[in-house]
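Asker: Before I ask anything, let me first share the structure, which is written out below as structure tokens.
The values are calculated or read from the model by the stated rules, or taken from the named source; none is laboratory data. None of the values given here were measured: they were computed from a predicted structure. Ideal geometry is used to build each Cβ from the backbone, glycine not excepted, and the neighbour counts take in all protein chains shown.
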Amino acid sequence: MKITVDIPDRDMKDIMRFSGVKKKGPAIAKFLASELMLRRRRELSDEVMSGKVTFEFPHYEAIQELDRQSAWNK
């Protein structure tokens, strides 16, 4: 999707510097994608820390024990 946005020159220079892309359009797209990814990670992290979301690893302890045993068998 294409849109027209007014971005100050100072901010555009920073966007290009942070994204590592020399063309304005691709720099904005890459910077936006990176920022969205960081915000999604932060949102998920906040949900996990608050207890809204939990992850279960039912076989974690059994696998860990097998790893310990195999280390001694070498």
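Asker: Applying the selection to segment 24-50, what residues are over 16 Å from the mean Cα position of the chain (by Cα) and surrounded by 10 or more Cβ atoms within 10 Å (Cβ to Cβ)?
Answerer: Start the filter on segment 24-50 by keeping residues that are over 16 Å from the mean Cα position of the chain (by Cα), which leaves 24-28, 49-50.
Hits for segment 24-50 are LYS24, PRO26, ALA27, ILE28.
Asker: Still on this structure, I have one more. Within segment 63-73, does at least one residue satisfy the condition of being of a type in the set (D, E, K, R), modelled with pLDDT under 95 and not in a helix (DSSP H, G or I)? Write out each step before concluding.
Answerer: To start, the set of residues in segment 63-73 that are of a type in the set (D, E, K, R) comprises 65, 67-68.
Filter again for modelled with pLDDT under 95, leaving 65, 67-68.
From the residues that got through so far, the ones that are not in a helix (DSSP H, G or I) too are none.
No, because not a single residue in segment 63-73 is of a type in the set (D, E, K, R), modelled with pLDDT under 95 and not in a helix (DSSP H, G or I).
Asker: Cβ-Cβ below 6 Å, separation at least six or inter-chain, first residue in segment 3-30 and part of a loop (DSSP other than H, G, I, E, B), second modelled with pLDDT of 95 or more: which pairs?
Answerer: VAL21/ALA27; VAL21/LYS30
Asker: Filter segment 34-58 down to the residues that are in contact with a helix residue (DSSP H, G or I) (Cβ under 9 Å, 6 or more places away or on another chain) and either assigned to a helix (DSSP H, G or I) or touching a residue at least 12 places away in the same chain (Cβ under 8 Å) (or both) and list them by number.
Answerer: Keep residues of segment 34-58 that are in contact with a helix residue (DSSP H, G or I) (Cβ under 9 Å, 6 or more places away or on another chain), which gives 34, 52-55, 57.
Scanning segment 34-58 gives a single hit, SER34.
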